[in-house]
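Engineer: Structure in structure tokens, see below.
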Amino acid sequence: MSKSFYHYPAWVRLWHLTNAVLCLFLIVTGFSMLYSDPDNALVVKFQRAVSIHNVCGVLLTISYTLFLFGNLFTSNGKHYLLNIKGLGKRLWKQGRYYAYGYFKGEESPFPVSSERKFNPLQQVSYVGVMYFALPMLFITGWALMFPEFILKKFLGFSGIFLTDQFHVILGFLVVIFLFIHLYVSTMGKTPLSNFRSIITGWQESH
Amino acid sequence: MILSRYFVCLTVILFVFSQQATARANYQDSLPVTRGAELSLYAEDNETNCLVCHGKLIYTLTDTVMGMTRKQLMSEQNLVIPGMFYNSVHWSFSCLDCHSEEFKIFPHSIEARFETSWGCIDCHGYDPNYEQYGFEEIDAEYQKSVHYTATDGLITCWKCHDPHYYNPLARQTRGGREYIIRSNEMCLRCHSNAEVMGLITDENVEIVLPKHEWLPDVDRHLEAVRCIDCHTRMNDSVLVAHEVMPADSAVRGCTDCHSQNSILMGTLYKYAARESRDEKGFVNGVMLRNDSYVIGANRSKLISFAGLLIIGMTLAFALVHTIFRIVVKPKDQVHE
Ligand code: HEM
């Protein structure tokens, strides 16, 4: 019953690996700065955290731009087109499946195929993270690197303060995404099969 | 269509204007209270005795014997700008309270030039009215500072605190950015100027700013902290510590400032912190009033709490789900 098909083209895998590594560095150094404490051995040394965070932020912007081009000019982009109609219902169906049907041995309501790479929950979270959270993180992050371009005051608050708060909130969102993403990825055919496929490219349907 | 575009433009323009208005208002807030020449009992005397010459960039030199006059330029060094003088703490003084009567005569005599000027401590020391400033402690600290020891006391209080324009800005401005810049100008007047330094000391002094390039975005740092926040020994009993230490004892650890127990709370923000407890909801919240955001020292307690809570809930959910997966053994994983 299981048939294999080529699921993740090489550029997606390469991009994804770069993306994942850079994001991990950014998260660790970002948290090290937010919870900076000279006596805490868990956090990266402040000065090092600042430099690593800056370098990774720039690299991630570049890799993200390449990803955008990839999605624009290859068929991979179609998986990121959200169909709003009936979305709520589909999300509910998929959520119910994860919470209930999955344990009952029901068929996956949106089985993976070459036409539909992501189930609705995946699709929404990937679109949210790739087309909203990351771009906003880049904008706020670059602004913090060149603070002279930030408005001095906005609605009575210091511009740099608001930018920073927004950056931190988005950072938390990406961390939350990452945990969900990692966990849901263990729910493939076997706990490890999705990880194998994002590395090798081949996916077994289930 | 056109209407909506017009709206966008209008919003942008209004926004830009409101920005500038607040910036200006902020700057004005940071200026000291205006006292005004009208109130001074000595305004007239000061004018006729001294400010006719010292208060103007161009003054008139008179030769009484020959009956000749000539316009001369007052050197910047000897200029006393009346508006700024009457805005300083010592606005109510006559020039002659601090300067010898001999100065009424021009050319100024050698006796006049040999006057010994008062020190702050001569008038303010051990006076309960000024206890809050801790002049005695400041004086003791100053005598241990490099400026006193390296120059045999040539760098007096007056070299940093302009005798004619002084205001206790740390209190009046609550540590705004304007204040920091002005406070640092006090030091940079000498330290960013190799020629000035050459006049004071024989040693081969370098301009200081390159020594600070270990700070990322130096310019920004030097507008957000005072020189003395790094260069003086911390002292809890005065608002502004005065013991400037040799450069190798200066603060250079990022986390001295960028951490929850930032030294800035005991230096730059001491006055703000003393006046009001914390701005709620933020770690070291008083700093935020300064349009500053100090990474690691300021953080929203709410965002941290909500963020960590949601992360915790996610992990808990994943854990429960995993347990179910182990216990229930989803059929499709067993079959297929
Ligand atoms: C250690 C970190 C990560 C690991 C191990 C990981 C793992 C995976 C796996 C196994 C898949 C395939 C998912 C599936 O088929 O259900 C995947 C896809 C994906 N991941 Fe990650 N991921 C990581 C970090 C990230 C991060 C930080 C982001 C975004 C900020 C991200 C965004 C995506 C996207 C957008 C896809 C779909 C790619 C496509 O086919 O277009 N991942 N990841």
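Engineer: Would you mind checking the radius of gyration and Dmax of segment B:117-252 based on alpha-carbon positions, in Å?
Structural biologist: According to the Cα coordinates of segment B:117-252, Rg and Dmax are 15.2, 44 Å.
Engineer: Right, here's the next one. Give the interface area between chains A and B as buried accessible surface, both sides summed, probe 1.4 Å, in Å² to the nearest 100.
Structural biologist: Details: alone 13140 and 23470 Å², together 32920 Å².
Buried surface at the A/B interface: approximately 3700 Å².
Engineer: What ranking of B:Y148, A:Y100, A:Y126, A:Y35 comes out by heavy-atom accessible area, probe 1.4 Å, highest first?
Structural biologist: Values: B:Y148 80, A:Y100 115, A:Y126 35, A:Y35 55 Å².
Highest to lowest solvent-accessible surface, that is A:Y100, B:Y148, A:Y35, A:Y126.
Engineer: Scan around B:F282 for amide H atoms under 5 Å from its own, H built in the peptide plane at 1.01 Å from N, and keep only partners 5 or more places away or cross-chain.
Structural biologist: For B:F282, whose amide H was placed from the backbone, the distant partners under 5 Å are B:K301.
Engineer: Another question, if that's okay. Given all pairs of different Cα atoms, what value in angstroms does the Kirkwood hydrodynamic radius of segment A:64-177 take? Mind showing how you got there, number by number?
Structural biologist: Values: mean 1/r = 0.0598 Å⁻¹.
Kirkwood hydrodynamic radius for segment A:64-177: 16.7 Å.
Engineer: Continuing with this model, one more query. Using the Kirkwood formula over every pair of different C-alpha atoms, what hydrodynamic radius in Å results for segment B:36-115? Intermediate results must be reported in sequence, preceding the final value.
Structural biologist: Values: mean 1/r = 0.0735 Å⁻¹.
The Cα-based Kirkwood calculation yields 13.6 Å.
Engineer: OK, next. Tabulate in residue order the Karplus-calculated ³J(HN,Hα) for segment B:250-266, using 6.51 cos²θ - 1.76 cosθ + 1.60 with θ = phi - 60°, rounded to whole Hz; enter x for Gly and Pro.
Structural biologist: With the stated coefficients, segment B:250-266 comes to 6, 5, 9, x, 4, 6, 4, 9, 8, 6, 4, 9, 5, 4, 4, 5, x Hz.
Engineer: Using alpha carbons only, how many angstrom separate the centre of segment B:40-119 from the centre of segment B:241-275?
Structural biologist: When both Cα centres are located, 40 Å separates them.
Engineer: What lysines sit close enough to B:K211 to cross-link, taking a C-alpha to C-alpha distance under 20 Å and skipping anything fewer than 8 places away on the same chain?
Structural biologist: Candidates past the 8-residue exclusion: nothing left.
Engineer: Taking the alpha-carbon distance from B:K104 and a cut-off under 21 Å, which lysines remain once sequence neighbours fewer than 8 residues away in the same chain are dropped?
Structural biologist: B:K104 reaches B:K56, B:K71.
Engineer: How large is ³J(HN,Hα) for each residue in segment A:181-187, as worked out from phi by the Karplus curve 6.51 cos²θ - 1.76 cosθ + 1.60 (θ = phi - 60°), to whole Hz, x for Gly and Pro?
Structural biologist: 4, 5, 5, 4, 5, 7, 9
Engineer: Using a 7 Å offset from the Cα along the Cα-to-Cβ direction at both B:R325 and A:W92, what is the distance between the two label points in nm, to one decimal?
Structural biologist: 2.6
Engineer: For B:K104, what accessible area in Å² do you get when you roll a 1.4 Å probe over the heavy atoms of the protein chains, rounding to the nearest 10?
Structural biologist: Per-residue accessible area (B:K104): approximately 110 Å².
Engineer: Strictly greater than 12 Å: what percent of every Cα pair in segment A:27-75 meets that? Display every interim value, and only then the final one.
Structural biologist: Values: 757 of 1176 pairs.
Above the 12 Å cut-off, segment A:27-75 has 64 percent of its Cα pairs.
Engineer: Continuing with the same structure: Using protein chains only and a probe of 1.4 angstrom, how many square angstrom of B:M84 are accessible, to the nearest 10?
Structural biologist: 90
Engineer: Give me the distance in nm between label points sitting 7 Å out from Cα along the Cα-to-Cβ direction at A:E107 and B:K301, one decimal.
Structural biologist: For the pair A:E107/B:K301, the computed spacing is 5.5 nm.
Engineer: Work out from phi, with θ = phi - 60° and the Karplus expression 6.51 cos²θ - 1.76 cosθ + 1.60, the ³J(HN,Hα) of each residue of segment A:116-125, listed in order in whole Hz, and give x for Gly and Pro.
Structural biologist: 10, 6, 10, 7, x, 5, 4, 4, 4, 6
Engineer: Same structure, new question: R0 = 22 Å: FRET efficiency of A:W11 with A:V55, Cβ-based, nearest 0.05? Intermediate results must be reported in sequence, preceding the final value.
Structural biologist: On the way: r = 23 Å, r/R0 = 1.03.
The value I calculate is 0.45.
Engineer: A follow-up question, please. Counting only heavy atoms of protein chains, what accessible area per residue, in Å², does segment A:72-186 have with a probe of 1.4 Å? Write out the running numbers ahead of the final one.
Structural biologist: On the way: 6270 Å² over 115 residues.
Counting only protein heavy atoms, the per-residue value for segment A:72-186 is 55 Å².
Engineer: Kindly identify residues of segment B:289-310 having a loss of at least 40 Å² in accessible area between the isolated chain and the assembly of all protein chains, probe radius 1.4 Å.
Structural biologist: B:D291, B:Y293, B:I295, B:R299, B:I303
Engineer: What residues does segment A:98-141 have that are buried by at least 50 Å² of accessible area in the full protein assembly compared to the chain on its own, 1.4 angstrom probe?
Structural biologist: Listed in order, they are A:Y102, A:F103.
Engineer: Determine the order of B:S109, B:S88 by accessible area, beginning with the largest, at a probe radius of 1.4 Å.
Structural biologist: On the way: B:S109 30, B:S88 0 Å².
Correct descending sequence by accessible area is B:S109, B:S88.
Engineer: So for the protein assembly as shown, what are the equivalent ellipsoid semi-axes in whole Å, largest first, each being the square root of 5 times an eigenvalue of the Cα gyration tensor? Kindly include the intermediate steps, with their values, before the conclusion.
Structural biologist: Values: eigenvalues 903, 123, 85 Å².
Semi-axes from the Cα gyration tensor: 67, 25, 21 Å.
Engineer: Shifting gears a bit: In the structure displayed, which of A:K85/A:K117; A:K89/A:K117; A:K89/B:K329; A:K45/A:K152 lie more than 22 Å apart, Cα to Cα? It would help to have the intermediate numbers written out before the result.
Structural biologist: Details: A:K85/A:K117 19 Å; A:K89/A:K117 19 Å; A:K89/B:K329 27 Å; A:K45/A:K152 30 Å.
Among A:K85/A:K117; A:K89/A:K117; A:K89/B:K329; A:K45/A:K152, the Cα-Cα distance tops 22 Å for A:K89/B:K329; A:K45/A:K152.
Engineer: Just from the alpha-carbon atoms, what are the Rg and Dmax of segment A:3-205 in angstroms?
Structural biologist: Radius of gyration, then largest Cα-Cα span, for segment A:3-205: 19.2, 60 Å.
Engineer: At a 1.4 Å probe, what is the % contribution of carbon and sulfur to the accessible area of segment B:36-115?
Structural biologist: Numbers: 3420 of 5710 Å².
That share works out to 60 percent.
Engineer: OK, next. Evaluate the charge dipole of segment B:117-252 about its Cα centre and quote only its size in Debye, nearest 20, assuming +1 on the Cβ of each Lys and Arg and -1 on the Cβ of each Asp and Glu.
Structural biologist: Numbers: 12 positive and 23 negative charges, 84 e Å.
Result for segment B:117-252 is approximately 400 debye, rounded to the nearest 20.
Engineer: Another question, then. Please state, rounded to one decimal and in Å, the Kirkwood hydrodynamic radius that segment B:220-274 gives when every pair of distinct Cα atoms enters the mean of 1/r.
Structural biologist: On the way: mean 1/r = 0.0867 Å⁻¹.
Across segment B:220-274, the inverse of the average 1/r is 11.5 Å.
Engineer: Over the heavy atoms of A:V55, what accessible area does a 1.4 Å probe trace out, to the nearest 10 Å²?
Structural biologist: About 80 Å², rounded to the nearest 10.
Engineer: Using a 1.4 Å probe on the heavy atoms of the protein chains only, list every residue of segment A:159-206 that has 50 Å² or more less accessible area in the complete assembly than in its chain alone.
Structural biologist: Buried-area filter returns A:I160, A:F161, A:Q165, A:F172, A:I176, A:F179, A:Y183, A:K189.
Engineer: I've got another one for you. How far is helix A:46-73 tilted, in degrees, relative to the longest principal axis of the Cα atoms in chain A, given as a value from 0 to 90 rounded to the nearest 10?
Structural biologist: For helix A:46-73, the angle is close to 40 degrees.
Engineer: Related question: Can you give me the Rg/Rh ratio for segment B:50-199, using Cα atoms for both radii and the Kirkwood formula for Rh?
Structural biologist: Details: Rg = 18.0 Å, Rh = 18.1 Å.
Checking Rg against Rh, the ratio lands at 1.00.
Engineer: Putting +1 on Lys and Arg Cβ atoms and -1 on Asp and Glu Cβ atoms, find which of B:T151, B:F85, B:M313 reaches farthest to the positive end of the dipole of the protein assembly as shown.
Structural biologist: Most positive-ward Cα: B:M313.
The values are calculated or read from the model by the stated rules, or taken from the named source; none is laboratory data. Everything quoted here is computed from the prediction, not taken from an experiment. FYI the Cβ positions are ideal-geometry reconstructions off the backbone, even for glycines, and counts take in every protein chain you see. To get the accessible areas, we keep the full protein, side chains included, count just its heavy atoms, and leave off ligands, DNA and RNA. Shrake-Rupley method; radii C 1.70, N 1.55, O 1.52, S 1.80 Å.
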